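For reference, the structure is listed below as structure tokens.
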Amino acid sequence: MNNDAYGRTVSFSTDGTTDSYTVGESQVFNFPAGTPTDAAYLGIAIGKNIEIFQAAVSDYALNAYSYADRFTLLALYHTAQAAGLTNRQAYIFQVMLWAEAVTAYALSYISAVKALTDPTIVVATAPDFSTITPQDPLITPLAAMAIST
């Protein structure tokens, strides 16, 4: 047994076809038999970093706009579009641009982490949501409803 870059206990087993690394008590990472240990540990570190990131980006988005607000804003956007309320539509569209920027940031972050080759750097890599452009426009369904044109 060894520890991974996150300090978690890792055990190794192989069936001759697949090398299995069990992290903790239940998380299993499988690699083709004969995969160098360094490569396996790098893959484990990348997997953990991405897992942490996915939870963080989800929290970031949910803290900005709850599921209820997202649904309401989407409904208001479509009804504004149907009713020709272009100012209301433009106001709500800001959050759609922000959501697109968050998605682009997530894809870029994951690609960058997957390209890393040192588990220590993988562990030290963390998201910086303040770099997302445009920033959260801080719109609300109530303010959207107040726009009548």
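Just so you know, all these numbers are worked out from the coordinates, no wet-lab data involved. A quick note: this is a predicted structure, and the numbers were derived from the prediction, not measured. Cβ placement follows ideal geometry from the backbone for every residue including glycine, while neighbour counts extend to all protein chains displayed.
Between region 98-149 and region 56-84, how far is it from one alpha carbon centroid to the other, in angstrom?
If we compute the Cα centre of each part, the gap is 16 Å.
So how do 128, 69, 19 line up by other beta-carbon neighbours within 10 Å, fewest first?
Fewest-to-most Cβ neighbours within 10 Å comes out as 128, 69, 19.
Residue 117 to residue 70: FRET efficiency via 1/(1 + (r/R0)^6), r the Cβ-Cβ distance, R0 35 Å, to the nearest 0.05?
The computed FRET efficiency comes out at 0.40.
From the phi of every residue in region 87-104, what ³J(HN,Hα) in whole Hz does the Karplus formula 6.51 cos²θ - 1.76 cosθ + 1.60 yield, where θ is phi - 60° and glycine or proline is x?
Using θ = phi - 60°, the values come out as 5, 5, 4, 5, 4, 5, 4, 4, 6, 5, 5, 4, 4, 5, 5, 5, 5, 4 Hz.
In percent, how large is the relative contact order of the chain, given Cα pairs closer than 8 Å and 6 or more residues apart?
Once normalised by length, the contact order is 24 percent.
Counting other beta carbons within 10 Å of each Cβ, put 70, 8 in order, fewest first.
Ranked by crowding around the Cβ, least crowded first: 8, 70.
Per residue of region 25-36, in order, report the coupling 6.51 cos²θ - 1.76 cosθ + 1.60 (Karplus, θ = phi - 60°) as ³J(HN,Hα) in whole Hz, putting x for Gly and Pro.
Computed from phi, the couplings for region 25-36 are 9, 9, 7, 10, 10, 10, 9, x, 3, x, 4, x Hz.
Match the structure shown to one of the listed values [x] 17.0; [y] 16.5; [z] 18.2 of Kirkwood radius over Cα pairs in Å, computed from it, and give that label.
Among [x] 17.0; [y] 16.5; [z] 18.2, the one calculated here is [z].
Could you put 48, 114 in order, starting from the residue whose Cβ has the fewest other Cβ atoms within 10 Å?
Result, fewest neighbours first: 114, 48.
In percent, how large is the relative contact order of region 5-51, given Cα pairs closer than 8 Å and 6 or more residues apart?
28 percent
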